[in-house]
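Everything on this sheet refers to the single structure shown next.
The values are calculated or read from the model by the stated rules, or taken from the named source; none is laboratory data. Worth saying up front: this structure is predicted, and the values here are computed from it rather than measured. Backbone-built Cβ (ideal geometry, glycine too); neighbour counts: all protein chains shown.
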Amino acid sequence: MSIRLRLTLWYSGLLAVTLVAFSFIVYYIVSHNTYADLKSKLNIESQFIEVTNLPTTSQLIFQRGSRFESTTIFVQLNSYINSPNGFRSDGTDNLGGYVFDFPTLDQINFRYRYVVRTLADEPFYVLEKPVYASRGSSRIVGSMQVATLMRNEVAMLSQLRQILVLASFAGLVIAFLLGMFLSRKALKPIEQVTEAAERIQSGSDLSTRIPGDTQDEIGRLRQTLNHMLERIEGAYRGLEDTNIAQRRFVSDASHELRTPLTTIRGNVDFLEKIWDSPVVLTDGEPSSDHDQVDVRMASSPKLTAEEKEQLSKEAIKDIADESRRMSRLVNDMLSLARADAGYVMDKDRLELKPLAEEAARRAVFLPRKAEWKVGSLDALNGVWVQGNRDYLVQLLFIFIENGFKYTPSGEVRLEALRSGDKVALVVADTGIGIRKEEVPHIFDRFYRVDVSRGETPGTGLGLSIAKWIADMHHATLEVRTKVGEGTKFIVWLPIDFSEPVEYDIIEPSVRPMETE
């Protein structure tokens, strides 16, 4: 059974009980008032009737008052004077030959009572009173019945019952249908939540949102679920982007590692071929007869000792270069792996100017074609920052090496700026520059500007590491570039204005004693 049907049944059941109770109360009040009016009318009319006992004839007679309603009030006297067994011996006959049912003498144990009597299939409301032998006597000699026709009242009460029953039934049916409609409308947001959850479960659309903007309990639930869906979608998109980046990282790393490994393996094979080939002496005669090896050395089937040495040195140099390249790549990947693992670097209070001067001095020894210049570093005078010395130097070297790498002619410059509570290290070059649409991607891993791919060596990891180092130092990176004119990297670092902690060690000393 659905919640909608259960709510409707509960609502209808409660309404049915309410309608029954309401109908009972209405009928009781109307019926009570109707009978109360009849009682009052009979009681008033009975006061205008005087009953007299004639001792000579042993008969009972009554006289109506002037205000007696003879058209609507009927009177019947019952005499028990000549009835030894207590039954009616005589009485009036003023109802066209019809006689009310009457109580026997032994049934009269009341001062008065109201009963319903039926006479000729007509309902009458009757007031019954005992008649005494004389005023002040306690001997009952008869009974008086004052009646009024209650056809209209009975019909009215019957119609009222029918109206209440039909109205209650109609109200119950309407309430059931209305309850179904209202419960459906009230539970529609729940159905929308269910539908959204089903779509999300099937994975068809994570951007699904539950419509509506009410401020009731369902509205608050809708808002909460929509916020939760937004967070789930954001987390899913982030996870998806992370997986894509991870797959791209693995693919690019494999490619970058495969290239030096291929070079190293090729040179190793080349060395094997060189040293397996026969050596030609100065007189042109081979030192050994290995004709089958000559096939593998098609370009130089026979080498002199000097040629072997020269080729071996070149191969070893290539192997060394590629090994260093692999070492740098592995170190860069290790740094990025630390960043992904949430590595928190140790930071100390550092004076920035000596650090920048050291990086500028060591940059002179980097391979380059451009001119290296150091601009004004006066903005760093007395400036301290919270940072890691080795990583900050690495950050500067990444920008400087990039400047040398992509500046075939011109200059690379290091200078400093200061603005408020921040200080900037600026590395500017006059190289090839970067296209505007590529700037947002230069800090992505293994990303290299199109014009530089295949022309300059590199792995595309340097700027990613620089971005991580800047983030660890709460620094802001700013890039200004124009194709053909150069690129400027600006690192804004927050200045540490805290006072250095001074440690004073006071050792106890003994005052030397004076000697006489």
Exercise for review: Any residue in segment 357-370 that's in contact (Cβ under 8 Å) with a residue 60 or more places away in the chain: show its pairings with residues that are surrounded by 14 or more Cβ atoms within 10 Å (Cβ to Cβ) and not in a loop (DSSP other than H, G, I, E, B) at Cβ separation under 9 Å, as long as the two are six or more apart or on different chains.
Suggested key: 370/403; 370/404; 370/411; 370/412; 370/429
Point to revise | Extreme residue, farthest from residue 314 (Cα to Cα), among residues of segment 269-281 that are among the aliphatic types (A, V, I, L, M) and either loosely packed, with under 12 Cβ neighbours inside 10 Å or at pLDDT below 75 (or both) | key: 281
Review point. Can you pull out the residues in segment 223-251 that are surrounded by 14 or more Cβ atoms within 10 Å (Cβ to Cβ) and at pLDDT 75 or above?
Key: 223, 225, 226, 229, 233
Check your understanding: Regarding residue 27, is this residue touching a helix residue (DSSP H, G or I) at 6+ places or on another chain (Cβ under 9 Å), modelled with pLDDT under 80 and surrounded by 14 or more Cβ atoms within 10 Å (Cβ to Cβ)?
Key -> no
Point to revise | Within segment 378-430, tally of residues that are closer than 14 Å to residue 473 by Cβ, assigned to a strand (DSSP E or B) and either modelled with pLDDT of 95 or more or not polar (S, T, N, Q) (or both) | key: 7
**Study point:** Leading residue by the ranking (surrounded by the most Cβ atoms within 10 Å (Cβ to Cβ)) among those in segment 369-405 that are among the charged types (D, E, K, R) and more than 13 Å from residue 427 (Cβ to Cβ)
**Key:** 389
Check your understanding: Could you list, in sequence order, the residues of segment 97-155 that are among the β-branched types (Val, Ile, Thr) and not in a helix (DSSP H, G or I)?
Key -> 99, 104, 108, 115, 116, 118, 126, 131, 140, 141, 146, 148
Check your understanding: Inside segment 322-350, can you point out the residues that are part of a strand (DSSP E or B), surrounded by 12 or more Cβ atoms within 10 Å (Cβ to Cβ) and in contact with a Gly (Cβ under 8 Å, 6 or more places away or on another chain)?
Key -> 350
Check your understanding: If we scan segment 31-48, do we find a residue that is out of contact with any Lys or Arg (no Cβ under 9 Å at 6 or more places or on another chain), in the same structural domain as residue 153 (by TED's automatic domain parsing), of a type outside the set (Gly, Ala, Ser) and at pLDDT below 70?
Key -> no
Practice item. Please verify whether segment 308-318 includes one or more residues that are at pLDDT below 75, closer than 30 Å to residue 408 by Cβ and either surrounded by 14 or more Cβ atoms within 10 Å (Cβ to Cβ) or of a type outside the set (Asp, Glu) (or both). Key: no
Check your understanding: Of these, 155, 197, which one is hydrophobic (A, V, I, L, M, F, W, C), without any contact (Cβ under 8 Å) to a residue 60 or more places away in the chain and within 30 Å of residue 11 (Cβ to Cβ)?
Key -> 197
